[in-house]
Amino acid sequence: MGGKNKQRTKGNVRPSSSGRAAEVLTREGGVIPGFVGFDTTVTSELSYVPAVHGAEEIDNLVDADFRLVLRKLSKRDVVTRLKVSFRTVDYDRRIREATQIAFEQLVLKVRRSLAPFLKSLMGHWILSQCDTYTPAASAACQAFQAAFSPAKQPEALSFCKEEILNVLQDILLKETANTLSDPQSVSEEEREAKYLRVVTSSLLGVKRLLSLLPQSERVLLEPRLAELLNSGKFWKYSKHKSPQVRGAFFEMLCALCEFTPALVQAEAARLCPAVLLTIDDTDPVVLPPVWEAVLHVVSTIPDCWTHVNAKKGFLPKLWALLKEGGKGMAKALHPNLMPLLSKLPQQVTDPTLDFYFSFFTSLINGLSSERAVTSPTESAVIVASVVECLRYCIQQNAEEEEGQKKLRTMLLSQQLLPLLETALGSSSIQNGPLFLLVTEMLISWEKRAGLHGVGESNDRRDVFQGLVADFWEELALLFVRYTDSDGTEPQVLEGIATLLQVMRYPEKVNRKHAQKKKSVKICFSKPEDNEKTGIEGDDVEKTVQTVSQLVNERAFGSLQTQHFEDVVCQLAQLCLVHVNEKNSERHLVFLSGLLRSFHTPRVFTVNNSEQRDKMDMKNPALHFLLERVVVWLAEKGRRNTEHLVEMVFSSFNCCSRQETTRILNHITTMDLQWGIILQIIQRSCADAETLQSCSDWLKGSVLGERLLGLTEELCKVGPSSSSSPSTNSHSWTLISLVLSQHHNNVPLIGEVYMEKILERLHATLSETKSLSDAGNIEPLISFICDVASTFFSSVQDCLLLVSAEELLLTVFQHTAQDQTHTHLSDSLIGKLRKVCVAGVQSLVQHSEDQVRENGFLHSAALWVKNQLLTANLDNKSSYTKLSCDHFSRGNYPTPQLGLLRRQKNVCLFFVFFFSLFPVSQSKLSTLQVLSPTMTKEDRAALVALATAGIINWQEDENVYGCLAVLLCCLKADTQVEEEVVQAILATVMEWRNSREDWFLFSSDLSKTSAEQLNLTVEMMRFLSWLVAHCPSFLGGNQWDFVLCSVLAWLETASENVNSLWSPWVQLFVCENAALIVKLNQFFASPPPDVLDKLPSELADEWKDFFVDGIYNLLLPLPIKITGEVDLDESVFPLVVLQSVGVALTYVPLKQLTDNSLPARFIADQKTNLPEPLQTLLNTLCPLLLFKARPLQITVYHLLENFYLKNLRFFLLCMFSSPPASLMVILSTCEELCENILTGVQVGEYAMVQPLSVEYSCILGYLLAWKLLLTFFRSSPSHLRAHYAQYLKRSGSLNKLLLHLFKLMPETPVYPGQGAETKETKTFFTENLSLALPHLACSVYYSTVQDLPAMVRLWWNSQEKRVSAAVEKFTIKYVSPILSAQEISSVHSSTQMFDSMTVKARSAAREVIATYSVDDIFIELVIQLQQNYPLGSITVESGRRVGVAVQQWRNWMLQLSTYLTHQNGSIMEGLALWKNNVDKRFEGIEDCMICFSVIHGSNYSLPKKGCRTCKKKFHSACLYKWFTSSNKSTCPLCRETFF
């Protein structure tokens, strides 16, 4: 242990202490420590250098990835440990989970090689499988299953049982919070949490060990377990302050009782008090294992009560717990009560009567606890426990002995019946399982009493017969007391009816309770097995099953006792007394409820007892109906009749079909309220059986005639109408029901009567057409509409009825008539149209492809034709539009669409024979609707008429209509001969000389009439059509006329910006811009067959003169409009800006660079651009923020073309930053967007109202970024580095990315698609539409494509929530597209490298670069991550020959750095890397700061050399070194650098 330079003793051959330690470790096969380093062999991966001999063999069992993981286990920060952790008791639960997942992979790798380390691992492995964090425990169990098959698991545990128990026992008995963790480095809170978790896991670990070991191994382990149980510290865990520890302690005791009963009996003196005196621990974690332990103790230890004073210690706690309803833990507590009763010895239950009285009283009082009152589930569990315990007690005390008789009487009269009485007034208990359970218990008693044909032994039969009789006797007294009282609440009577109904049909109620949660199964002992318990087996299977599960497993019978019917008859007779004497409505409702379940002849006989001697009693139900129910129905002023209708149908259960029809016919003729008839029909349709029994009445003449009479009464119109239809809502509902309700496509009523009702509705609707007083008829028409709409939409093939077609035709005629004649309101017209659409849709969906004569289609067409022939011409358009709306624009199936269109031509041809000319605006509207559907011959005739009107313009100067009609036909692809076109054009040119005022050149448009503007607009449209369709018809003079007219009109528009408030002036400017677009399109690519026919000088004139003149006027036009027209005006010319914007997209570069815009400069603006360019930028960039979307988009397109076409000039004038004018706008928008999006979280979608100020601001912001990214993408690499640094300093990109993730939709799926699939189109796969969500997605895609390094840097700096949201979105929608594009660009790249080849693998997302010079061969594999570009591009080693390892690593690091930190593509990174390698082979040394030959940003070589060490450095690297180190010394030799 001497000093460093101390001389070693001569002859001392003993190795050093470290060597000895290593030798011992190797010899003993322990864990061998190692150190990370690099060996001397040339391998393709990092090596692991062992400290001692022998480690290499072990190392080879684990591949390099796992070795790298194991080296990092000593890291202290949470992030690193989360990534590479192997800690089973770490503080962070995520790390424990990750540890087990990693361990599973390790197990799968090493497999059998794990065996030598199994004993040292298994204890902590079991501990991990019992982790309190469920995912971590699940991962540990999965790893255990991966290591051992189910058959091998007991064997492996048996092999390591001693070591496992050592670990668990040490933790439970020796460890403390301070020994498990270092107090100096771990906080007290973390130490305590870890200790509690480990103790809990250890207790559960003992349980898991015992459950998995074979029985023989458990016996061998008992001595060791006895040592644990003898420890006083172990028993203190039962009172531990942590519920988790207490719960785990009792779970372990359950396992001990189950698997080592002998050991438990030896420790009974400490075990029994610890368990039986802790039953009042109601913590949700503790109570279930405590009660499981209670059942195990009373089952396993026969003398357990000798160690506990049950009267003073156990029972008082039990009573208190039951009175409080289990303190909210009834679901865990109460299912254990009946098994506990079965195990209580007589010494605990004496005196028996008092014990059971206290037990059931406490148990029932629990229903009044706060939690039971508010929780139906808790209440249901308590009720189930009461009934099953009561049932068990009666079953166990079913002897004739006096004490047992008293006990049964007490349970029946003092417990069960008071509970039922309480339930009658409590809706929550009624809705629970009580009634069903009591019924099931009664059925069981009846079976034991022999009432179901299967008897028990004779001594028990008498007992249960008496029990059933006593129950019904006392229950009858209870029911009679409430029924015979005037002050009884209706809820109580309803409860009685409900109880009796459940008793009558328990199987119906059972279906509602079939899905309850499971618990423990119960098996009641048979009478001859009194000594046996009610639990299945002595091993105490989980205790009880919930009520419904219990009931569901037994086949239901029904109550057979005569007492049941006696009680019902008694109650029915009492109800009749109260109804007859006191007219009690409550008792009438109660009687209806009774009859709903009990419709037996005896019950109806009792109800007819007063007339029993006077009438024939063959069918008492029929007499009850006629003598009582019908009388009650006929009483005046009765509001609620639903219970009486229900009583009628209850009686029908005892009547034949003929009797049912007879009674219903009688009721129909009684002149009752129509609401009652409606209720009867609705009730008859409630189920198929009832509908079948009532079908004769429904289709009969009695009901049909009454309904027809009702329809006649409802449809009275005019002054003679007796009542307003608004008061007959029930009646109209009834008519609608009988028309629309069909069963198996068969009408509800007789088809004859349905036709007659429809005919009457049709006649009524026809009559209303001639009435002018709409005020009286509107409600009637509205009701008819409701009935017809329901009928058409719900009845298939309804229009096969002639009356239905006639009704639909009348509705159609109402919709087509002029409102000035019908005086109907807009809402009613809308309702009529909806009815018409429903009828026509029903017709075309269920009819064949033919038109019936006198059918609806034929009749409607003839009616429209008649209206066109006879009505005023100015009203024709309304009829025609309506017919087209119904027939052409409906959403009909394709086969029927041709049918409708063919039928429509019946009426359209007649239009041509009217005096159509001169054309008015209304006639023109008619033609515009009809022209697309006319035949070619009809359109040709119209063209001839219009042409004649234009050529003969001197006879009637109203040529506007003729020109408009002509254009309608031309736009419908009507063929016109060249002579006709030439004649029309010559006429228009003649107007230029004789009627120049028609062209409005240099006119004041604010003083021009709409007719004059419309004529000029039609001329523009005609010229546009000529240029687009017939340019070969034009000669030199005609081209001059067209071009000069365009320029003159544009001058007029430019001079009349202040008149754009007029929609006619807006139309003028829009059509002028459309004509300019047509001209640009034509001259950009004239058709080859037309090119030869054009005048020779035309193209030059267009380029040299007209283009310059047009765009000198057009370019300033948007600026003029925004400056002179108020943005808040309702007629702001957005459409003009849109049209002008489309025209401006064709502006040539020369007109942009040599523009004549007014000069505009900004103070302190640094620029090297010429004045016209800077003026253009300063003028257009602010318009990106103007609140007019068309203008913003126009400016974007202009600037985009401007930047791309002038890029080289820009790059010469600017160096360190993008255009200043654009950056100013970006900065302004940035602040506004930040204010707008404040409060929106990243990942949430901010909905922005279109056309709002916020929308315009965000749109301008995104368009500005789109322009900036376009500029960035087009710049060379060395300038991109400067621009990236500029954006980084300004922080603009970080703000943009945060804003984008508030503006992009969570699912950016393209509209109009179905469910999302791999082929689903998204905003990232489709062309840009400039809608705000799509634009946001486009900007994000451009950002990650052009600035991947900056986006990656931003993503790594975000908090976890933000980075997770960004990564999830990018992986799902962006990375696949971007990776595929990057790989595709490598495939399609035309860039060639000397000495290097580049290939790409699309499927693997890999790029392989192979570099070879002379004897040197290098292969690199570039892998794109799944979350590219957020994740770094990985560079992996391929083959290499002739390169030193250190140099190889340097080059890999350089390429990885280029690809990670440069904002460029893979090909650019490879080019930079290749240049670097080339320079290295040329003999140029690396810069000793960045270890690269070529600088990563400015691509310079090392030129600045040190005079002392002669090493050269990059200038940029030296500058960074000097500024960061605050020194002026050489980085290598530390001498002053000159």
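The values are calculated or read from the model by the stated rules, or taken from the named source; none is laboratory data. Note that the structure is predicted; figures quoted are calculated from it, not measured. Because the Cβ atoms are built from the backbone with ideal geometry, glycine has one as well, and the counts that use them run over all protein chains shown. For accessibility, only protein heavy atoms count, side chains too; no ligands or nucleic acids. Shrake-Rupley method; radii C 1.70, N 1.55, O 1.52, S 1.80 Å.
Per-structure values
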read-out	value
Filtered residues of the range 624-649 (kept if over 19 Å from residue 603 (Cα atoms), under 54 Å from the mean Cα position of the chain (by Cα) and open to solvent by 20 Å² or more (accessible area, probe 1.4 Å))	637, 638, 639, 640, 642
Residue count, the range 837-865 (criterion: modelled with pLDDT under 70, open to solvent by 50 Å² or more (accessible area, probe 1.4 Å) and either closer than 18 Å to residue 788 by Cα or not in a loop (DSSP other than H, G, I, E, B) (or both))	2
Cross-chain or 6+ apart pairs with Cβ under 9 Å, the range 1282-1297 first and closer than 13 Å to residue 1226 by Cα and in contact (Cβ under 8 Å) with a residue 24 or more places away in the chain, then open to solvent by less than 10 Å² (accessible area, probe 1.4 Å) and not hydrophobic (A, V, I, L, M, F, W, C)	1287/1218; 1293/1343; 1296/1261; 1296/1340; 1296/1343
Of the criteria (1) β-branched (Val, Ile, Thr); (2) modelled with pLDDT of 70 or more; (3) open to solvent by 70 Å² or more (accessible area, probe 1.4 Å), which one residue 820 fails	(2)
Selected residue [in contact with an Asp or Glu (Cβ under 7 Å, 6 or more places away or on another chain) and surrounded by fewer than 19 Cβ atoms within 10 Å (Cβ to Cβ)] from 1033, 1105, 1083	1033
Residue within the range 1456-1468 that is modelled with pLDDT of 75 or more, within 26 Å of residue 1517 (Cβ to Cβ) and open to solvent by less than 30 Å² (accessible area, probe 1.4 Å) present	no
Inter-residue pairs, beta-carbon under 6 Å, first in a helix (DSSP H, G or I) and in the range 1071-1087, second surrounded by fewer than 16 Cβ atoms within 10 Å (Cβ to Cβ) and of a type in the set (A, V, I, L, M), 6+ apart	1078/1028
Qualifying residue in the range 1041-1061 (condition: aliphatic (A, V, I, L, M) and outside any helix (DSSP H, G or I))	yes
Subset of the range 1196-1224 (residues that are more than 18 Å from residue 1297 (Cβ to Cβ), at pLDDT 75 or above and either within 40 Å of the chain's Cα centre (by Cα) or small (Gly, Ala, Ser) (or both))	1196, 1197, 1200
Search result, residues across the range 178-214 that are among the polar types (S, T, N, Q) and without any contact (Cβ under 8 Å) to a residue 12 or more places away in the chain	179, 184, 185, 187
Failed criterion for residue 294 (all others in (1) buried (at least 23 other Cβ atoms within 10 Å of the Cβ); (2) at pLDDT below 90 hold)	(2)
Residue that is surrounded by fewer than 14 Cβ atoms within 10 Å (Cβ to Cβ), modelled with pLDDT of 75 or more and part of a helix (DSSP H, G or I), where the choices are 709, 704, 675	709
Among (1) part of a helix (DSSP H, G or I); (2) closer than 25 Å to residue 289 by Cα, the one test that residue 178 misses	(2)
Subset of the range 90-136 that is surrounded by fewer than 19 Cβ atoms within 10 Å (Cβ to Cβ) and not in a helix (DSSP H, G or I) - its residue that is modelled with the lowest pLDDT	91
Residue list for the range 321-341, filter: in a helix (DSSP H, G or I), within 20 Å of residue 375 (Cβ to Cβ) and open to solvent by less than 50 Å² (accessible area, probe 1.4 Å)	321, 322, 325, 326, 328, 330, 332, 333, 334, 335, 336, 337
Single unsatisfied condition, residue 595 versus (1) of a type outside the set (D, E, K, R); (2) free of Cβ contacts under 8 Å to residues at least 24 places away in the same chain; (3) in contact with a helix residue (DSSP H, G or I) (Cβ under 9 Å, 6 or more places away or on another chain)	(2)
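For every residue, the table says whether it meets (1) crowded, with 20+ Cβ neighbours inside 10 Å; (2) modelled with pLDDT of 90 or more; (3) part of a helix (DSSP H, G or I).
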residue	(1), (2), (3)
196	no, yes, yes
199	yes, yes, yes
202	yes, yes, yes
222	no, no, yes
241	no, yes, no
245	yes, yes, yes
253	yes, yes, yes
256	yes, yes, yes
272	yes, yes, yes
